[in-house]
Each structure stands twice: as structure tokens, then as C-alpha cells.
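Read-outs throughout are calculated quantities, based only on the coordinates presented, and are distinct from any laboratory measurement. Fair warning: this is a prediction, and the values are worked out from it, not measured in the lab. With ideal geometry, Cβ positions are generated from the backbone for all residues, glycine too; neighbour counts draw on all protein chains shown.
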């Protein structure tokens, strides 16, 4: 199984490395949790404007992730 548990589009977007068969373990023993991780990665977008924006409190990135 290996990294095949992670969709090709997600693997192309991020640098993903395998450690101790983690993706195979997640895919077989914790499929719902793996889906949550993949969904989060697929929907995450780091915008330059949010990094550069000033202000106090939580950043726009943190607010969006909430």
C-alpha cells in the first residue's frame, strides 16, 4: 500500500515522505483519520497576503483554519 493510500494530487502538491509504513497503517487501521488528514491537506492554501498581513491576535491563517 505505502504512499498509494494518499491521492496522487496530494502527493504532487506536497513533499511527502514515508516513515515506518505510516500511510499503510493509517490506510488500514485508521481510514477515517487518514481521510481527515488528506482532506485538510487538499483544502489548505497558504496565501502570501495572509502571511504578510500585519495586526495583532490570531493571524488570518489561524482564523481560517479554525
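Taken together, the residues in region 27-41 that are surrounded by fewer than 12 Cβ atoms within 10 Å (Cβ to Cβ) and either within 11 Å of residue 7 (Cβ to Cβ) or touching a residue at least 24 places away in the same chain (Cβ under 8 Å) (or both) amount to 1. With respect to (1) surrounded by 13 or more Cβ atoms within 10 Å (Cβ to Cβ); (2) in contact with a helix residue (DSSP H, G or I) (Cβ under 7 Å, 6 or more places away or on another chain); (3) closer than 27 Å to residue 66 by Cβ, the lone exception for residue 22 is condition (2).
Being in contact with a helix residue (DSSP H, G or I) (Cβ under 8 Å, 6 or more places away or on another chain) and either surrounded by 10 or more Cβ atoms within 10 Å (Cβ to Cβ) or at negative phi (or both) is a description that does not apply to residue 62.
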